Amino acid sequence: MKFVCCWLSALLVMAWSGLIHAETTYSVGVVPQFDVRQIEAIWRPLLQQLSQRSGVKLELVASPDIPDLSANLRLANFTFPI
């Protein structure tokens with residue numbers, strides 16, 4: 001929970017300082033510790049809450065496995081890898 005609070009605080013500071021634009025959608029990649037359905041069940045509601053509270057549009061990009069995550073990281077498909 002501390003991590004989420006720190007992340008939300010950083011996101012809000014970036015939004016207020018103009019480093020993040022509300023009209024842009026930012027992608028969030030999560031390390032696949034569980035199957036994709038479980039990752040989505042955990043992270044999608046959290047990102048929706050963060051979006052609502054911060055005014056910044058966040059989109060979950062779930063990777064099914066580590067090789068897919070690595071490929072997405074190499075291609076810079078995530079704005080925020082977690």
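Numbers below:
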quantity	calculated
Surrounding net charge for T24, when Lys and Arg each add one and Asp and Glu each subtract one, Cβ distance under 14 Å	-1
Length gained when the stretch K57-E40 is fully extended (0.36 nm per residue, less Cα-Cα span)	4.5 nm
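Each value in this text was obtained by applying a stated rule to the coordinates, not by laboratory testing. Keep in mind it's a predicted model, so treat the numbers as computed, not measured. Cβ atoms come from the backbone with ideal geometry, glycine included; neighbour counts cover every protein chain shown.
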